[in-house]
Every structure is written in C-alpha cells, then in structure tokens.
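Structure first, commentary second.
Coordinate-derived values only; no laboratory data. Note that this is a predicted model, so its numbers are computed, not measured. We place every Cβ from the backbone using ideal geometry, glycine too, and count neighbours over all the protein chains shown.
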Amino acid sequence: MPTKTKSPTDATVKRSPRERLLAAADELFYADGVQSVGIDRVIERAGVAKASLYSTFGSKEELVRAYLEGMHERVLDRARAAIEEAGDDPVDQILAVFDAQAARFRRPSFHGCAFVMASAEARPNGGIDLATESYRADMKGLLVELARNAGAADPESLATQLHMLYDGANLSVRLDGDPEVAAAERAAAATLVAAALAA
C-alpha cells in the first residue's frame with residue numbers, strides 16, 4: 001500500500017488557530033502596520049474563522065498586544081543570546097546588545113521598531129501602550145544590569161543614554177534605509193561606556 005505523503009500545508013493545518021493568527025499578525029502587522037491591516041486580512045492569511053479570532057483574543061487590540069508580546073520575547077532573547085556569546089567581558093556584553101540589533105538592521109524584512117509603529121496611533125493607556133511600556137522597561141532593565149556589571153558609577157544614567165542610542169538607531173535605519181548606521185551606533189555606545197567607566 002503506498003505511503004501517503006504530507007502536503008506542504010499539513011504543518012500549517014496542525015497549528016492551533018491562536019498560532020496561525022499570531023503568525024499572520026507577525027507578518028502583516030510588522031510589514032504593513034497595525035492600523036492599515038484590517039482584521040479580515042489577518043483572518044484570511046491565518047485561514048481561520050472570524051469567530052476564532054474573537055474567541056481567542058476578544059478584539060484586534062488584544063491580538064496586537066499578543067503580537068507585540070511575542071516580538072518583546074524575541075528581541076530580548078536575541079539580545080541575551082548575543083550577551084552570552086560575547087563572553088565574560090562586561091563591556092563586550094553591553095556592545096553585544098547593539099550587535100544583535102545590527103544583525104536585525106541587515107535583514108531585508110527590517111521595517112523599524114514594531115513598538116513605535118504600533119503605539120503611534122494606539123489609544124492611550126490601552127493594551128498596545130501596556131505592551132510597549134513592558135518591552136521598554138525590560139530593555140532598559142537589561143541595560144541597567146549590564147551597566148552595573150561593568151562597574152558604572154551611575155548605571156541608570158548610562159542605561160538611559162544607551163537606550164536612547166538604541167532607539168535612535170532604530171529610527172535612523174527605518175527612515176534612511178541605511179543599515180551601516182550600526183557601525184556609528186556601536187562606536188557611540190563604546191564611547192559612552194568608556195566615559196561612564198572612567199568617571
């Protein structure tokens with residue numbers, strides 16, 4: 001009896017409606033923007049019924065929030081992996097955060113900071129704002145921890161400066177389309193760290 005071969009869509013079919021909706025949201029919201037992508041388009045891309053979206057997430061805003069929470073995890077995971085690969089030198093660990101960001105800049109699919117794009121037109125104090133605040137607090141917290149480990153006299157101040165640099169590079173690459181800005185960003189980060197440790 002011939003063995004049945006799996007079609008390329010079998011893996012997609014086996015994913016839960018939640019997984020399929022989030023995969024569609026990741027692709028569409030990041031590429032085209034949260035406001036310009038309607039629920040019907042997400043549902044069509046996910047291949048689920050409209051009822052599945054509302055029973056799983058309740059609203060578009062909650063779907064956007066879940067999409068941002070997934071992005072939050074991925075960005076922080078990449079930064080932590082880069083820090084681990086950097087070895088034991090605390091300055092190298094700080095710069096590794098910028099190296100991880102630079103790797104994202106070089107991807108053709110890079111469109112800027114998902115949180116900036118999503119929150120630009122979001123309703124104040126809603127789920128999107130909360131997801132954005134959580135991400136930013138965790139990124140700043142990671143930088144504070146690294147600055148403290150490096151021996152900065154004022155780790156909060158150094159982390160604030162580094163966070164501003166991180167944000168600025170995201171915006172610069174988004175607007176100018178030049179991923180090579182990462183080299184200048186890394187040099188500026190190294191200068192800030194050296195000045196903070198010399199103080």
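Backbone geometry of segment 33-47 corresponds, through the Karplus equation with coefficients 6.51, -1.76 and 1.60 at θ = phi - 60°, to 3J(HN,Hα) couplings of x, 5, 6, 7, 9, x, 4, 4, 5, 5, 4, 4, 5, 6, x Hz, x marking Gly and Pro.
Suppose R0 equals 35 Å; then what is the FRET efficiency for GLN35 and ALA183 from their Cβ-Cβ distance, rounded to the nearest 0.05? With R0 = 35 Å, the Cβ-Cβ based efficiency is 0.60. Measuring r between the beta carbons of THR191 and ARG107 and using R0 = 25 Å, the FRET efficiency lands at 0.40. Across segment 118-130, rounded Karplus estimates of 3J(HN,Hα) from the backbone phi angles (6.51 cos²θ - 1.76 cosθ + 1.60, θ = phi - 60°) give 6, 7, 4, 10, 6, 6, x, 6, x, x, 5, 4, 5 Hz, Gly and Pro being marked x. Normalising the average separation of contacting C-alpha pairs (under 8 angstrom, six or more residues apart) by the number of residues puts the relative contact order of the chain at 19 percent. Note on segment 61-198: with charges restricted to the Cβ of Lys and Arg (+1) and Asp and Glu (-1), its dipole about the Cα centre is near 240 debye. Projecting the Cα atoms of LEU142, ALA23, ALA187 onto the charge dipole of the chain (Cβ charges, centred on the Cα centre) puts ALA23 farthest toward the positive pole.
Rounded to the nearest 0.05, the FRET efficiency derived from the C-beta distance between VAL116 and ALA198 at R0 = 30 Å is 0.40. Which angle between 0 and 90 degrees, to the nearest 10, do you get for helix 155-176 versus the longest principal axis of the chain when only C-alpha atoms count? With rounding to tens, the tilt is 50 degrees. For segment 14-58, the Cβ-based charge dipole about the Cα centre amounts to some 240 debye (Lys, Arg positive; Asp, Glu negative; other atoms uncharged). Compared with the alpha-carbon gap, the fully stretched path from ARG136 to ALA81 is longer by 18.0 nm at 0.36 nm per residue.
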